[in-house]
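The values are calculated or read from the model by the stated rules, or taken from the named source; none is laboratory data. This one's a predicted model, so the numbers in the text were calculated from it and none came from an experiment. Positions of Cβ are backbone-derived with ideal geometry, glycine not excepted, and every protein chain shown enters the neighbour counts. Calculation scope for accessible area: heavy atoms of the full protein, side chains included, ligands and nucleic acids excluded. Shrake-Rupley method; radii C 1.70, N 1.55, O 1.52, S 1.80 Å.
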Amino acid sequence: MTKELSNSFNRTNLEETSYLFNTGNYYDCYLTLGSHKEVQNGKEGFRFTVWAPHAKTVSLVSDCTNWSEGKMMEKVDDTEMWTVFCENAKEGQPYKYRIEQQNGTIKLKIDPQALEFEVRPKDASVIKELPQKKWRDGLWMASKKRFPIYERPLNIYEVHISSWNRHEDGSWYSIPELQMELIPYVKEMGYTHIEFLPLMEHPLDASWGYQATGYFAFSSKFGTLEEMQDFVEAAHLANIGIIMDWVPSHYNKNDYGMAYFDGTPQYEYQNHHQAQNYRWGTLNFDLGKPQIHSFLISNALFWIEQLHLDGLRVDAVSNMLYLDYDEGEWIPNEDGGNDNRAGVKFLQKMNTVIFNRHPESLMIAEESTAWSKVTKPVENGGLGFNYKWNMGWMNDTLRFFETDPVLRKNHFNLLTFSFMYMFNENYVLPFSHDEVVHGKKSLMHKMFGDRYNQFAGLRTLEAFRMTHPGKKLGFMGNEYGQFLEWKFDSSLEWSSLEDPANNKHLQFSRILNHIYKENKALWELDHDPSGIEILDADNASESILTYIRRGKKPRDFLVIICNFVPVERQNYRVGVPFEGQYEELLNTEMEELGGTWTSSQGILKTEKEPSNNQDFSLNLIVPAMSVLILKPKRIFKVPKV
């Protein structure tokens, strides 16, 4: 039986927002659901509101009630919402919902909209008001709107927050400590953004955050929401953007969480096999349910608006697109196909809503198949993301670099195949955490040969990636050539920097990052075919690849020469677009970077000998296993734009 609510409670507001929530159109649901400070009859307390449409009864159990029976909540008419005011409730107190299912079974559940949770092994939600921060990053936020990311450098440093560095006793850094060390490091290294693995509340470290229980809570094991807001602000003041991995595909199935929340498939699909994610041991969100649209889109906007995140890397998009992506049984769609039309419509709606509010945001799809139009506008039949990880390029490139150099001429198409499709989508070229775990070996360990040749190969790999069209992402530890695989439960091997080879590779990464950031030719036309001119992609016999990267202005160009085998090439001729003088911007075989060359080739003068469909050419030495980046020093007869 529904009791009469207090006169001071705004029933109309709850009914209106509940209608929007239930129709999939409430994108700020955390402002209504969860715990919120309220004054009733002159007494201050908190109001608790939760969506549990099929529960028989719901009670609040907390320090402000009692933990056995709790305080009965009231179901508001046909809203599917339960609510109660507790005048004894105080910020910082733990609480749960006592859900009585229709069959009489009792479950203690978390609050899906809670902004904080107890530190593990405890798992209760914690009463918390939304922080009212006065942000100081206005210049950064304004600059994003003035300068679209498509024509700006984007070089992302991917970080797992509790294993980037640790104290000597094994404890991880607090957020303020991380702020003091990570942000200056990233800035000095020349990265433009930090991408964190999921920051939401999650119970198992081994999940790396990808099996969340509290979507609106910054994980209490890391610190507080306010500390993370301060971190983002400090990053923005240092001109560093912040991205977070976000998981709207599936969630943790622990019994105290969202799993079968009211005793029925509430957040998950009705069909058991569609609800179960057998591969990851989680539950799949029902992407056809309007309330799930409200929940997930609200959550995305929560992180973008309340923490000023610059974007989200959306995890496991393929799991949302295909009905048969997982193991086990699956049900075809109405036409007998395997595409999840509810998932497609949700992703299109999500991106539309987010870009309507924040057109400057990054929405990056981690999508591992050949699904078309991932980064095309929704009105053109696309999913509406603005970037997609290029998993095909990553797999082909790493496979090539793991191959014996003697045999690489037979597999040269692994490197050149990406030229056939590199403008089909807006791509990010990722060397992520997924490539350095589970027996895959670190990037350094993947390289062929002895330790010297491994470092030479790694420099060549990274320079090739940095000069290839597409934005960039690299996982922590790659930048100094960590040999062991990443371990989520310990720090990176910073002691490796005592080895001169690792230290030189760190300096190489820093120099390469700054070269990328300072040269428009490497990013201004990333998504335009005019941004690259292939000089020679058919020299498989020598395993040399040459091309020109261009910016908008004729003078903004670089000549790239990649040698993928440990054989030096004397008297190598490469075509250049203009007569004049050229010089090395980068030679990955310089001694200070870990190579053997003690000096550059000096000023290179063009010869009036056509090559590679260019009127002029250079004759030079191509070092073994290397990348040369040449820039014009003095050129003549540059056409006017």
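If residue 187 meets every condition in (1) surrounded by 14 or more Cβ atoms within 10 Å (Cβ to Cβ); (2) in contact with a strand residue (DSSP E or B) (Cβ under 9 Å, 6 or more places away or on another chain); (3) among the basic types (Lys, Arg) apart from one, which number is that one?
(2)
Please count how many residues of the range 377-413 are free of Cβ contacts under 8 Å to residues at least 40 places away in the same chain, open to solvent by 20 Å² or more (accessible area, probe 1.4 Å) and either under 22 Å from residue 473 (Cβ atoms) or assigned to a loop (DSSP other than H, G, I, E, B) (or both).
Selection size over the range 377-413: 7.
Do you know which residues across the range 296-341 are out of contact with any helix residue (DSSP H, G or I) (no Cβ under 9 Å at 6 or more places or on another chain), in contact (Cβ under 8 Å) with a residue 24 or more places away in the chain, assigned to a helix (DSSP H, G or I) and more than 24 Å from residue 148 (Cα to Cα)?
Listed by number, the list holds a single entry, 318.
How about the range 218-254: which of its residues are over 25 Å from residue 139 (Cα atoms) and under 18 Å from the mean Cα position of the chain (by Cα)?
218, 219, 246, 247, 248, 249, 250, 251
Under 8 Å by Cβ, and 6 or more places apart or on different chains, what pairs join a residue from the range 279-295 that is touching a residue at least 24 places away in the same chain (Cβ under 8 Å) and assigned to a loop (DSSP other than H, G, I, E, B) with one that is of a type in the set (Asp, Glu) and open to solvent by 20 Å² or more (accessible area, probe 1.4 Å)?
Every condition considered, the pairs that remain are 279/326; 279/327.
Could you list, in sequence order, the residues of the range 481-502 that are over 21 Å from the mean Cα position of the chain (by Cα) and either in a loop (DSSP other than H, G, I, E, B) or crowded, with 19+ Cβ neighbours inside 10 Å (or both)?
First, the residues of the range 481-502 that are over 21 Å from the mean Cα position of the chain (by Cα): 481-484, 490, 493-502.
481, 482, 483, 484, 490, 493, 496, 499, 502, listed by residue number.
Would you mind telling me which numbered condition in (1) under 24 Å from the mean Cα position of the chain (by Cα); (2) in contact (Cβ under 8 Å) with a residue 40 or more places away in the chain residue 508 fails?
Failing condition for residue 508: (1).
If I go through the range 563-605 residue by residue, how many of them are in contact with a Phe, Trp or Tyr (Cβ under 6 Å, 6 or more places away or on another chain) and hydrophobic (A, V, I, L, M, F, W, C)?
Going through the range 563-605 one residue at a time, the tally reaches 4.
Being surrounded by fewer than 24 Cβ atoms within 10 Å (Cβ to Cβ), hydrophobic (A, V, I, L, M, F, W, C) and not in a helix (DSSP H, G or I) is the filter here; which residues of the range 448-475 pass it?
448
Residue by residue through the range 338-356, note down the ones that are open to solvent by 50 Å² or more (accessible area, probe 1.4 Å) and of a type in the set (S, T, N, Q).
The answer is 338, 352, 356.
Please give the number of the condition residue 203 fails out of (1) farther than 27 Å from residue 109 by Cα; (2) assigned to a loop (DSSP other than H, G, I, E, B); (3) open to solvent by 10 Å² or more (accessible area, probe 1.4 Å).
Single failed check for residue 203: (1).
Just one of (1) part of a loop (DSSP other than H, G, I, E, B); (2) touching a residue at least 60 places away in the same chain (Cβ under 8 Å); (3) of a type in the set (S, T, N, Q) trips up residue 270, so point out which.
(2)
Quick one: in the range 307-337, of everything that is small (Gly, Ala, Ser) and under 16 Å from the mean Cα position of the chain (by Cα), which residue is surrounded by the most Cβ atoms within 10 Å (Cβ to Cβ)?
Taking the range 307-337 as the starting set, the residues that turn out to be small (Gly, Ala, Ser) are 311, 316, 318, 328, 336-337.
So of that shortlist, the ones also under 16 Å from the mean Cα position of the chain (by Cα) come out as 311, 316, 318.
Numbers: 311: 27, 316: 23, 318: 19.
Only one residue tops the list, namely 311.
Considering only residues that are assigned to a loop (DSSP other than H, G, I, E, B) and touching a residue at least 60 places away in the same chain (Cβ under 8 Å), which ones fall in the range 132-155? Before you say what the answer is, go through the steps one by one.
The initial filter retains those residues of the range 132-155 that are assigned to a loop (DSSP other than H, G, I, E, B), namely 132-137, 147-148, 152-154.
133, 135, 136, 137, 148, 152, 153, 154 - these are the residues of the range 132-155 that are assigned to a loop (DSSP other than H, G, I, E, B) and touching a residue at least 60 places away in the same chain (Cβ under 8 Å).
Give the residue that is surrounded by the most Cβ atoms within 10 Å (Cβ to Cβ), with candidates limited to residues of the range 286-306 that are touching a strand residue (DSSP E or B) at 6+ places or on another chain (Cβ under 8 Å) and hydrophobic (A, V, I, L, M, F, W, C).
295
Any residue at all in the range 154-169 that is surrounded by fewer than 17 Cβ atoms within 10 Å (Cβ to Cβ) and closer than 30 Å to residue 375 by Cα?
So far as the range 154-169 goes, no, none of its residues is surrounded by fewer than 17 Cβ atoms within 10 Å (Cβ to Cβ) and closer than 30 Å to residue 375 by Cα.
For the subset of the range 206-234 comprising residues that are open to solvent by 10 Å² or more (accessible area, probe 1.4 Å), assigned to a loop (DSSP other than H, G, I, E, B) and not hydroxyl-bearing (Ser, Thr, Tyr), which member is farthest from residue 33 (Cα to Cα)?
208
For every residue, the table says whether it meets (1) open to solvent by less than 20 Å² (accessible area, probe 1.4 Å); (2) not hydrophobic (A, V, I, L, M, F, W, C).
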| residue | (1), (2) |
| --- | --- |
| 33 | yes, no |
| 39 | no, no |
| 42 | no, yes |
| 48 | yes, no |
| 61 | yes, no |
| 64 | yes, no |
| 67 | no, no |
| 74 | no, yes |
